[in-house]
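One structure is given here, and the rest of the page talks about it.
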4 protein chains.
Amino acid sequence: MTQETIDRIRKFTEDRDWDQFHSPSNLAKSIVIEAAELLECFQWDNERFDEQHVKEELADVMVYCQNLADKLGFDPDEIINMKMDQNEAKYPVEKAKGNNCKYFEL
Amino acid sequence: MTQETIDRIRKFTEDRDWDQFHSPSNLAKSIVIEAAELLECFQWDNERFDEQHVKEELADVMVYCQNLADKLGFDPDEIINMKMDQNEAKYPVEKAKGNNCKYFEL
Amino acid sequence: MTQETIDRIRKFTEDRDWDQFHSPSNLAKSIVIEAAELLECFQWDNERFDEQHVKEELADVMVYCQNLADKLGFDPDEIINMKMDQNEAKYPVEKAKGNNCKYFEL
Amino acid sequence: MTQETIDRIRKFTEDRDWDQFHSPSNLAKSIVIEAAELLECFQWDNERFDEQHVKEELADVMVYCQNLADKLGFDPDEIINMKMDQNEAKYPVEKAKGNNCKYFEL
């Protein structure tokens, strides 16, 4: 995400004085609500879906993720790289390659 | 997200030959599954939460969002800005300021 | 659900003095958290799944639904029949038969 | 749930020839989608909510749970009692009373 996009998301919230509603817990609820709307695009059919609708719902999830990161002062790149370190340790290539088991089943 | 982080996420999937599991529908399921794990940090208490755990679960949601964008060839900045155009039209500042109604209630 | 099962669910909460955590909002969070754990049984494969695991996660969703109905004094049969009235009106047989469109697309 | 309600739910699906869409995986998606709509009643306010809306969304979750139990030939009382056995073992009264820790933290 570019800084310009991040700034636009922040300004949207500020202009509407919505920071008061953006508690971490409310944002976590919002992320799962939007994620379920995204899933709804695939509710009855895993193959065919409305691409424009997927774009809109995925964007909603991403915006709320950015809101939550902002609220808690997290740097997205930092937390993602921290988590990727964990994922790489939990799913070593030689064990995980080509299978979709959970790490504790590897 | 920096290009370096995006590349790391892509390489993680490639190295494990996991693209075969990353259908759009499976990724949409994964996003909501991780979003619910994030919400679990706030399940019984809206105020107190384990910040490290929130970082990890939020990162998981962000990674799967990036995976889905990648899979479908979406540019995150492009879809977010498209959606922000819609949001700004649905929630005009003069009507939405300081209240948390849905747009159809404004 | 039999009255005996309902009584067991209630007693479980009472014995642990957990009613204090069972606000409607916390129970709504819990339902979606457990629903996502149920979905996790189908995360990477729509066809093959661990039936025992599905039983456990579905039971968890049902228990929290009963908790929420209890908390708000709802009778499950009453609210379900009220909703079925709505569904039957929204999805008339002659229009909905054999297709999975949303009611506003019928 | 009374047998009459269960029969009504089954007839609704049959009359519309919707069993073809009711794969276990699609029903699991539907449960989480409806659970998130229920959570939306509490998105920005944990205390105030529209009770009628909560009734409708909770009923939707319960109907899809019944659909999935039906699809897989599960008896709701049986799976719930099986799970309550597990819960009672995981959360012994003397340890769990009055606290909301996960069982592995007790």
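For the reader, a short list of remarks on this structure follows.
- Residue, surrounded by the fewest Cβ atoms within 10 Å (Cβ to Cβ), within the range B:52-63, restricted to residues that are at the interface with another protein chain (Cβ under 7 Å from one of its Cβ atoms) and not aliphatic (A, V, I, L, M): B:Glu56
- Residue within the range A:85-104 that is within 14 Å of chain D (Cβ to nearest Cβ) and open to solvent by 50 Å² or more (accessible area, probe 1.4 Å) present: yes
- Positions within the range D:36-45 being open to solvent by 10 Å² or more (accessible area, probe 1.4 Å) and either under 14 Å from B:Cys101 (Cβ atoms) or of a type outside the set (Asp, Glu) (or both), in sequence order: D:Glu40, D:Cys41, D:Trp44, D:Asp45
- Positions within the range B:64-76 being surrounded by fewer than 17 Cβ atoms within 10 Å (Cβ to Cβ) and either on the phi < 0 side of the Ramachandran plot or in contact (Cβ under 8 Å) with a residue 40 or more places away in the chain (or both), in sequence order: B:Lys71, B:Leu72, B:Asp75
- For D:Arg48, the conditions (1) open to solvent by 50 Å² or more (accessible area, probe 1.4 Å); (2) over 21 Å from D:Pro24 (Cα atoms); (3) at pLDDT 95 or above; (4) part of a helix (DSSP H, G or I) all hold with the exception of (4).
- Within the option set A:Ala59, A:Ala69, A:Ala89, A:Ala36, being small (Gly, Ala, Ser), in a helix (DSSP H, G or I) and closer than 21 Å to C:Gln43 by Cα holds for one residue only, A:Ala36.
- Taken over the range D:1-22, the criterion of being of a type in the set (S, T, N, Q) and either facing another protein chain (nearest Cβ under 7 Å) or in contact with a Leu (Cβ under 9 Å, 6 or more places away or on another chain) (or both) is satisfied by D:Thr2, D:Thr5.
- Of all the criteria given as (1) open to solvent by 20 Å² or more (accessible area, probe 1.4 Å); (2) facing another protein chain (nearest Cβ under 7 Å), the one not satisfied by C:Ser25 is (1).
One line per residue, one yes/no per condition, for (1) under 17 Å from B:Ala36 (Cα atoms); (2) more than 15 Å from the chain's Cα centre (by Cα):
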position: A:Gln20; (1), (2): no, yes
position: A:Ser23; (1), (2): yes, yes
position: A:Cys41; (1), (2): no, yes
position: A:Trp44; (1), (2): no, yes
position: A:Ala59; (1), (2): no, no
position: A:Met62; (1), (2): yes, no
position: A:Asp70; (1), (2): no, no
position: A:Pro76; (1), (2): no, no
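- Residue satisfying condition, being assigned by TED's automatic domain parsing to the domain that holds B:Thr2 and on the phi > 0 side of the Ramachandran plot, within set B:Asp17, B:Asp50: B:Asp17
The values are calculated or read from the model by the stated rules, or taken from the named source; none is laboratory data. A quick note: this is a predicted structure, and the numbers were derived from the prediction, not measured. Note that each Cβ is placed from the backbone with ideal geometry, even for glycine, and that neighbours are counted across all protein chains shown. For the accessible areas, the whole protein counts, side chains as well, though only heavy atoms, and no ligand, DNA or RNA atoms are used. Shrake-Rupley method; radii C 1.70, N 1.55, O 1.52, S 1.80 Å.
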